[in-house]
1. Output the number of the condition that Leu41 fails; it satisfies all remaining conditions of (1) touching a Pro at 6+ places or on another chain (Cβ under 7 Å); (2) closer than 30 Å to Thr127 by Cβ.
2. Limited to the range 120-142, what total is found for residues that are in contact with a Leu (Cβ under 7 Å, 6 or more places away or on another chain) and more than 16 Å from the ligand (Cβ to nearest atom)?
3. Does the range 195-205 include one or more residues that are in contact with an Asp or Glu (Cβ under 6 Å, 6 or more places away or on another chain) and of a type outside the set (Gly, Ala, Ser)?
4. What about Ser51, is it over 17 Å from Ser188 (Cβ atoms) and near the ligand (Cβ under 10 Å from one of its atoms)?
5. Within the range 186-236, which residues are closer than 25 Å to Gly95 by Cα and among the polar types (S, T, N, Q)?
6. What is the one condition in (1) at pLDDT 95 or above; (2) within 21 Å of Leu99 (Cβ to Cβ) that Leu222 does not satisfy?
7. Out of the residues in the range 49-84 that are more than 15 Å from the chain's Cα centre (by Cα) and of a type in the set (Val, Ile, Thr), state the one that is surrounded by the most Cβ atoms within 10 Å (Cβ to Cβ).
8. Go through the range 48-95 and count every residue that is touching a strand residue (DSSP E or B) at 6+ places or on another chain (Cβ under 9 Å) and either at pLDDT below 95 or of a type in the set (Val, Ile, Thr) (or both).
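The values are calculated or read from the model by the stated rules, or taken from the named source; none is laboratory data. Worth saying up front: this structure is predicted, and the values here are computed from it rather than measured. Cβ sites come from the backbone with ideal geometry, for glycine too, and all protein chains shown count toward neighbours.
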Amino acid sequence: MSECLRILQLYPRAMNIYGDWGNTLVLARRAQEHGLPVELLSYNEGDSFPSDVDLIVGGGGQDSGQDVIQDDLLGIGGQLRDLAADDVPMLVICGLYQLFGHFFRTQDGHTIKGIGVLDLETHAGETRLIGNVVTTSDQFGDIIGYENHSGQTFLGPQVQPLGTVVAGAGNNEKDATEGARSREVIGSYLHGSLLPKNPAIADHLIATAATRRFGSFTPRPLDDTLAVRAREIARRLPR
Ligand code: GLN
């Protein structure tokens with residue numbers, strides 16, 4: 001068993017838009033600053049799926065990128081469902097968030113199948129939802145980011161929303177929900193990337209992964225001055 005916290009980035013080649021790779025960098029850097037040794041892994045189509053993974057991160061992508069990974073993702077879907085059932089923490093953004101649900105019906109009318117880790121489905125809407133987003137959540141306070149998606153996601157009864165929309169669209173134009181949570185899996189539409197401006201979510205993922213791996217986790221106080229400033233500025237940006 002590894003002495004390191006093993007962080008796996010899914011499909012960095014096809015699914016990494018609007019700087020989503022930044023989420024992985026934040027997790028690695030903050031984990032190190034909390035005193036944890038880290039090993040960064042990546043998984044692209046055709047690779048063999050690594051063992052002993054502690055934290056899984058995935059980004060967004062164009063519909064064409066989602067088409068590229070669809071078959072491969074369905075192939076590793078069983079492993080990802082097992083890891084989710086075993087409470088491995090995961091953060092998936094936009095395009096992979098959609099494909100962690102049941103399916104995404106695209107603007108041109110074809111269906112990209114998902115792996116059903118999250119109980120939700122996505123249908124392309126008439127308009128693209130683009131702009132800055134602010135949501136509120138009980139656990140993480142305000143969650144701030146940027147969205148750009150055609151898909152509108154509707155949550156089933158097995159998931160809870162990540163946040164309630166204050167500005168922007170979030171999951172869809174109708175119900176003011178943003179993102180989804182089930183067990184330790186978090187899905188969200190928010191790019192930016194998300195974690196530099198929302199360190200509470202980063203530390204939650206790290207704490208969950210570290211406690212699961214090492215039996216305990218003691219956070220160190222980190223200097224979040226830049227994150228606090230970025231949050232203040234982002235909160236004032238027009239939609
Ligand atoms: N292609 C998907 C959509 O348009 C996801 C976009 C994204 O990841 N930003 O809804």
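1. Single failed check for Leu41: (2).
2. Our first condition is that a residue be in contact with a Leu (Cβ under 7 Å, 6 or more places away or on another chain); within the range 120-142, this holds for 120, 132-133, 137.
Right, trim to more than 16 Å from the ligand (Cβ to nearest atom) and you get 137.
Result for the range 120-142: 1.
3. yes
4. no
5. Ser188, Ser193, Asn198, Thr208, listed by residue number.
6. For Leu222, the failing item is (2).
7. Step by step, filter the range 49-84, then rank; the result is Ile69.
8. Of the residues in that region, 8 qualify.
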